[in-house]
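Each reported figure results from applying straightforward, stated rules to the coordinates on display, with no laboratory input. Quick caveat, the model's predicted, so the values are computed rather than measured. Don't worry about glycine lacking a Cβ; one is built from the backbone with ideal geometry, like all the others, and counts go over all protein chains shown.
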Amino acid sequence: MTLAQLFDAPEFTGLTLDEIMNILRLSIAVGETSIRYGVLQPRETADQLNAVLLSRVERGEVWNALASPRLGGGADVGALDQLLLASLHEKTDRRTALSKDTDELISRVKRSLAATGLI
């Protein structure tokens, strides 16, 4: 939602602008709210970048974020989540892959940990 919509939200009726801004700052600080600048970016661009980043995760190149078209920037994604996403990235049936590819995920985690010198 836009800031104008936020200020007009019924949940904030009776609050001052400063009170609303304090709630917004706190929500951003704890990670419950994200800010996006400008128009929504095409998903294809983010998908292309994420494909490249995820292809490098197994070699120990873990990134702090992946591209998010909704945010117009990056979204925090942990190393284990990136390894899981990398193993599922090119699967057509991800639900089946989640249940059957546990061994593949464990192998990817081991290779990544070895590449980074953690094991």
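A few points about this structure:
- Report note on the peptides 8-21, 73-86: ranked by the mean count of other C-beta atoms within 10 Å, highest first, their order is 73-86, 8-21.
- Label-point separation, Asn64 to Arg95 (7 Å along Cα→Cβ), nm: 3.7
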